[in-house]
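Peer 1: To start, I am sharing the structure in question, which I have written as structure tokens.
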Amino acid sequence: MSLKRFGVSLEDNLLDSLDQYVNDNGFANRSQAIRFLIEKNVAEQKWQCNHIVAGTIIIMYDQEKKSIASKIVSIEQDYQDVILSSSQYYINKHFCLHIETVMGTAQRLTALSDKLTAIKGIKHSKLVMSRAD
């Protein structure tokens, strides 16, 4: 592993945002946060390919908003080729944890996750993938 030192210039507002990110996420310093962000970006770019991956999409939403569940089902119908299973867990009278097990090309799973995340009223959504080919 080689380390190279170089100067980076950032506008004050970006530097403030970086410092806030460091504090919010418990990084030891700015360099650690920047390294994490670069590695995350590289990994995410690798998923924009046609590798076969398996994973899960986790969604948390307010179950009292009935339109959310119907929108999820509508989107799922367009992605039946990659959805292996879909489960709902009712955490309490308000929140539903929706989990989809998926397998297909990284691009297709990312597109599915993006559509689900875009549903108005979704509180949290995350796609986790691992290469399966």
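Peer 1: Would you point out which residue out of Ala111, Ala33 is within 30 Å of Val8 (Cα to Cα) and open to solvent by less than 70 Å² (accessible area, probe 1.4 Å)?
Peer 2: Ala33
Peer 1: Give me the pairs: first residue in the stretch 103-114 and over 14 Å from Ile52 (Cβ atoms) and of a type outside the set (Asp, Glu), second residue open to solvent by less than 80 Å² (accessible area, probe 1.4 Å) and part of a helix (DSSP H, G or I), beta-carbon distance under 8 Å, and six or more apart or on different chains, which are they?
Peer 2: Filtered contacts from the stretch 103-114: Leu112/Ile75.
Peer 1: Tally the residues that are in contact with a strand residue (DSSP E or B) (Cβ under 9 Å, 6 or more places away or on another chain) and within 22 Å of Ser130 (Cβ to Cβ), restricting the search to the stretch 61-88.
Peer 2: The number of residues fulfilling the criteria is 9.
Residue by residue, here is whether (1) surrounded by fewer than 17 Cβ atoms within 10 Å (Cβ to Cβ); (2) of a type in the set (A, V, I, L, M); (3) in a strand (DSSP E or B) holds:
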position: Ala69; (1), (2), (3): yes, yes, no
position: Gln88; (1), (2), (3): yes, no, yes
position: Asn92; (1), (2), (3): yes, no, no
position: Glu100; (1), (2), (3): no, no, yes
position: Lys126; (1), (2), (3): yes, no, yes
position: Ser130; (1), (2), (3): yes, no, yes
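Peer 1: Which residue pairs have Cβ atoms closer than 9 Å, lie 6 or more positions apart in sequence or on different chains, and pair a first residue in the stretch 54-76 that is among the hydrophobic types (A, V, I, L, M, F, W, C) and modelled with pLDDT of 90 or more with a second residue that is in a helix (DSSP H, G or I) and open to solvent by 50 Å² or more (accessible area, probe 1.4 Å)?
Peer 2: Matching pairs, first to second residue: Ile57/Thr117; Ile59/Thr117; Ile75/Lys115.
The values are calculated or read from the model by the stated rules, or taken from the named source; none is laboratory data. The structure presented is a predicted model; accordingly, all values stated were derived computationally and were not measured. All Cβ positions, glycine included, derive from the backbone under ideal geometry; neighbour counts span all protein chains shown. Quick note on the areas: whole protein, heavy atoms, side chains included, nothing else; ligands and nucleic acids left out. Shrake-Rupley method; radii C 1.70, N 1.55, O 1.52, S 1.80 Å.
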